[in-house]
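Data block below; observations after.
The values are calculated or read from the model by the stated rules, or taken from the named source; none is laboratory data. Everything numeric in this text was worked out from a predicted model, so none of it was measured. Methodologically, a virtual Cβ is constructed for each residue, glycine included, from the backbone with ideal geometry; neighbour enumeration extends over all protein chains shown. The protein model used for the area step is the full one, side chains on, heavy atoms only, and it has no ligands, DNA or RNA in it. Shrake-Rupley method; radii C 1.70, N 1.55, O 1.52, S 1.80 Å.
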Amino acid sequence: MKTFAHFNAKTIEDAVLIINRYGSKAAFMAGGTDLMGMMKDDILNRYPEAIINIKTIHGLDYIEEDNKTIRIGALTRLEDIAENEMVKAHAKALSEAAHRTASPHIREMGTIGGNICQDIRCWFYRHPNNRFPCLRKGGGRCYAIRGDSRFHSIFGGSVEEGCFAVHPSDTAPALIALKARIKTTKRTVEAENFFQVRVAKTTVLDDDEIVTEIEIPRPSSNTRSTFIKFAQRKTIDFAIVNCAVMIDRDDEKVSIARICLNSVYVKPYRAKEAEMAIIGKQIDEDAAEVASEAAVSHARPLKDNGYMVQIARTLVKRGILACG
């Protein structure tokens, strides 16, 4: 690894002060499970001159609730979220997503804030020693279009630049399905609007902005949610496709549905066509099948990843049936 300055921030104000000194030449670190790997492999176009450790900030590691909201501090470890009984009871999709993230050791280190802020997955972008000058590194093309595209976007490239990399987070689709809000040092953002397709960043965060809390509305007694993940090695791998589903029913018919896929597009993909297809229906095999077909109706796979369309379709169907 190259040399860099390291700071242990004591407060949020301390972290912001340091980042303002270095600007885009610095990076925040919580658990460090994504950033350290990127730095060791030297995949970044611009190596950070300073790392600001925010895990030393007191008071951002908690899980609390009131009558309306579940609040989770940004530095709460994934393992703590997975095992929390309150989260299991009222935000099952998030509990399952946290439990399926990476390995037990990573879950003991990784934080919810870091998991939603992690960089995209693409073996061209993340190749050691910065070998491929792809779009995200200021190059002129996405290598997945003609190269090995087995684990790339099935819904086309990003609107602005045509990058076919995928967003890897397991917790992100669960938060979107659960209609969570992301609180930062500057604002509160709907989880669905927190992620973006721009090449420069995976989130809407400014350079000096820090995620501080996740807010999840407490569901009604008729609400069910679930998370399903398909990976090559079930215990530790990034998803080939994952899916979170939240369904609320009234008189046995679906009144609210939120379905989100991930690892299929540059940002988490809200399957709104599937939601519309299941609204007003009773949950059964036929209704779930129609909705699953709708979920992938806009799929445009590359030459090597057409199989992901069937996986996405199947996960949506299973997720809906699990909430029945």
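Which one of these does GLU160 not meet: (1) modelled with pLDDT under 95; (2) under 24 Å from ILE236 (Cβ atoms)?
Checking GLU160 against (1) modelled with pLDDT under 95; (2) under 24 Å from ILE236 (Cβ atoms), the one that fails is (2).
Looking at the range 67-88 only, could you name the residues that are under 18 Å from ARG218 (Cα atoms) and part of a strand (DSSP E or B)?
Result: THR69, ILE70, ARG71, ILE72, GLY73.
Could you give me the residue pairs with C-beta distances under 6 Å whose first residue belongs to the range 121-137 and is closer than 11 Å to LEU44 by Cα, whose second residue is part of a loop (DSSP other than H, G, I, E, B) and among the β-branched types (Val, Ile, Thr) wherever it lies, and which are 6+ apart or on separate chains?
Final answer for the pair search is ARG126/ILE43; ASN130/ILE43; ARG136/VAL199.
Would you confirm, using the coordinates I've provided, whether ARG150 is open to solvent by 10 Å² or more (accessible area, probe 1.4 Å) and closer than 30 Å to ILE216 by Cα?
No.
Is it true that some residue in the range 39-57 is among the β-branched types (Val, Ile, Thr), out of contact with any Leu (no Cβ under 9 Å at 6 or more places or on another chain) and open to solvent by less than 30 Å² (accessible area, probe 1.4 Å)?
Yes: the range 39-57 contains one or more residues that are among the β-branched types (Val, Ile, Thr), out of contact with any Leu (no Cβ under 9 Å at 6 or more places or on another chain) and open to solvent by less than 30 Å² (accessible area, probe 1.4 Å).
State all residues of the range 216-231 that are open to solvent by less than 30 Å² (accessible area, probe 1.4 Å) and outside any loop (DSSP other than H, G, I, E, B); if no residue qualifies, say none.
Across the range 216-231, the qualifying residues are ILE216, THR223, SER225, THR226, PHE227, LYS229.
Report every pair of residues separated by at least 6 positions or lying on different chains whose Cβ atoms are under 6 Å apart, first residue within the range 275-300 and touching a residue at least 60 places away in the same chain (Cβ under 8 Å), second in a helix (DSSP H, G or I) and surrounded by 14 or more Cβ atoms within 10 Å (Cβ to Cβ).
Close Cβ pairs (under 6 Å, with a partner that is in a helix (DSSP H, G or I) and surrounded by 14 or more Cβ atoms within 10 Å (Cβ to Cβ)) amount to VAL296/VAL309; VAL296/ALA312; VAL296/ARG313; ALA299/VAL309.
Looking at the range 95-119 only, could you name the residues that are farther than 17 Å from TYR47 by Cα and either part of a loop (DSSP other than H, G, I, E, B) or of a type in the set (Lys, Arg) (or both)? Walk me through how you get there before you give the answer.
Kept after step one, since they are farther than 17 Å from TYR47 by Cα, are these residues of the range 95-119: 95-117.
Passing the criteria: ARG100, THR101, ALA102, SER103, ARG107, GLY110.
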